[in-house]
Amino acid sequence: MAKKPNLKFPSELRLDLISKDWVVIATGRGKKPEAFKKEKKEEIKISPKICPFCNIETQEMPLLIFSHGKKISYKGKIPENWTTIAIPNKFPAFLPHSKFEKRIEGNLYQTMNAVGFCELVVTKDHDKSLALLSIKDIKEVIDTYQERYLDLMKKKFVNYIAIFHNQGLRAGASQSHPHSQIITTPLIDVDLNRALFNSENYYKKDKKCIYCQMNEWEKKAKERVIFENKDFLAICPFASKAAFEVIISPKSHLPYFEKITEKEKWGLSEVFKVALSKLYTGLGDPSYNFYLHTAPCDGKKYPYYHWHWTILPKTAAWAGFEMGAQMEISTIEPEKAAEYLKKQ
Ligand SMILES: [Zn+2]
Ligand SMILES: [Zn+2]
């Protein structure tokens with residue numbers, strides 16, 4: 001009988017269908033999944049006494065307050081029983097402005113004013129990262145994302161809304177108190193632009209969304225799925241940009257995150273809880289970033305896009321090669337990472 005061919009190369013280059021980037025899956029290094037577990041906490045903890053979010057009254061006027069699943073209105077004072085809050089960022093990179101202006105220097109250099117809004121979504125407990133919150137608490141965060149999105153998208157010069165969360169010092173969080181950021185931009189960033197362009201091309205060619213096609217294959221192949229419920233799928237993507245990358249996406253074809261329904265929000269909260277808990281246990285409370293990619297809100301239609309969240313744990317620092325070659329190296333196969341996370 002013919003021998004089954006070994007389909008895996010010892011070290012592989014894999015094509016990311018969306019970005020069209022090649023990533024290196026350097027399996028040859030043969031690291032066991034357990035080896036990615038962080039050995040000791042190198043985090044610098046800010047004491048709740050001096051934490052700006054534990055002293056929320058020192059912050060800007062809140063935009064949205066939740067208390068145990070219910071929205072409450074701001075009447076000049078933030079009530080003690082708040083659980084999730086949205087506030088303007090005191091140190092914004094983009095600023096609201098009535099005009100969007102461009103300038104050119106020496107017929108060469110372009111500038112425009114960084115018009116936009118920067119907000120923070122803060123959960124009450126200083127020491128509880130999202131992985132340690134209940135599904136109900138996470139749902140409140142998702143509710144806040146959606147509600148702030150719906151409000152911000154109506155504002156002038158808001159063409160894209162970025163929502164992201166940096167957890168831990170290595171992921172660039174400046175405050176140890178868990179918080180997410182929402183930033184609106186008048187422009188659409190390069191990565192998303194490329195993803196939109198490639199998704200549109202697939203859609204034209206196959207009459208089908210590329211993300212839906214990938215999800216269908218992942219459900220069949222199973223080896224990269226870490227968790228799924230009725231509406232969502234969490235996978236370690238085939239062309240993972242980093243070890244233990246996780247993508248959460250809806251099983252139905254949904255281009256616009258802001259249209260998420262109540263039922264879907266519960267489903268998404270459950271997947272977030274499970275995925276983040278698995279990373280927390282499996283990698284020993286790692287630093288991570290997660291971010292949303294969704295269709296822009298610039299008035300154009302994006303029927304071919306499929307929103308999703310990407311979670312990138314910080315397990316290895318970027319070395320010279322990645323910086324120079326702009327090619328990412330993942331030191332574990334996504335299949336092995338998924339198998340390990342599934343067990344957690
Ligand atoms: Zn705090
Ligand atoms: Zn789709």
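A search for C-beta distances below 8 Å between a residue of segment 42-70 that is under 16 Å from Ser174 (Cα atoms) and any residue that is of a type in the set (Lys, Arg) and modelled with pLDDT under 90, counting only pairs 6+ apart in sequence or on different chains, returns Glu42/Arg170.
Failed condition for Lys220, given (1) modelled with pLDDT of 95 or more; (2) more than 13 Å from ligand 2 (Cβ to nearest atom); (3) not in a helix (DSSP H, G or I), with all others met? Here Lys220 meets the rest and fails (3).
Report whether or not Ile85 is surrounded by 16 or more Cβ atoms within 10 Å (Cβ to Cβ), within 16 Å of ligand 1 (Cβ to nearest atom) and at pLDDT 90 or above. The answer is yes for Ile85. Taking segment 117-166, which residues are touching a Pro at 6+ places or on another chain (Cβ under 7 Å) and under 12 Å from Phe272 (Cβ atoms)? Answer for segment 117-166, where residues must be touching a Pro at 6+ places or on another chain (Cβ under 7 Å) and under 12 Å from Phe272 (Cβ atoms): Ser129, Leu130. Is there a residue being in a helix (DSSP H, G or I) and either crowded, with 16+ Cβ neighbours inside 10 Å or in contact (Cβ under 8 Å) with a residue 60 or more places away in the chain (or both) anywhere in segment 110-131? There is at least one residue in segment 110-131 that is in a helix (DSSP H, G or I) and either crowded, with 16+ Cβ neighbours inside 10 Å or in contact (Cβ under 8 Å) with a residue 60 or more places away in the chain (or both). For segment 293-310, which positions are touching a residue at least 60 places away in the same chain (Cβ under 8 Å), farther than 19 Å from Lys204 by Cβ and within 11 Å of ligand 2 (Cβ to nearest atom)? Scanning segment 293-310 gives a single hit, His308. For Glu218, the criteria (1) in contact with a helix residue (DSSP H, G or I) (Cβ under 7 Å, 6 or more places away or on another chain); (2) buried (at least 19 other Cβ atoms within 10 Å of the Cβ) hold in every case but one, which is (1).
Yes/no matrix, rows are residues, columns are (1) among the small types (Gly, Ala, Ser); (2) away from ligand 1 (no atom under 16 Å from the Cβ); (3) in the same structural domain as Pro296 (by TED's automatic domain parsing):
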site	(1), (2), (3)
Gln175	no, no, no
His179	no, no, no
Val190	no, yes, no
Phe197	no, yes, no
Gln213	no, yes, yes
Lys222	no, yes, yes
Phe238	no, yes, yes
Val246	no, yes, yes
Pro250	no, yes, yes
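Checked against the criterion of being among the hydrophobic types (A, V, I, L, M, F, W, C) and within 17 Å of Ile85 (Cα to Cα), the candidates Leu130, Leu196 yield just one match: Leu130.
Whether any residue in segment 45-62 is at pLDDT below 85, within 25 Å of Leu279 (Cα to Cα) and loosely packed, with under 11 Cβ neighbours inside 10 Å is what I want to check. Outline the logic, then answer.
If we filter segment 45-62 for residues that are at pLDDT below 85, which is where we start, we get 45-46.
Those left that are additionally within 25 Å of Leu279 (Cα to Cα): 45-46.
Then keep just the ones that are loosely packed, with under 11 Cβ neighbours inside 10 Å; that gives none.
The answer is no, given that none of the residues of segment 45-62 is at pLDDT below 85, within 25 Å of Leu279 (Cα to Cα) and loosely packed, with under 11 Cβ neighbours inside 10 Å.
Screening Pro92 against (1) in contact with a Lys or Arg (Cβ under 7 Å, 6 or more places away or on another chain); (2) modelled with pLDDT under 95 leaves a single unmet condition, (1).
The values are calculated or read from the model by the stated rules, or taken from the named source; none is laboratory data. Note that this is a predicted model, so its numbers are computed, not measured. Cβ atoms come from the backbone with ideal geometry, glycine included; neighbour counts cover every protein chain shown.
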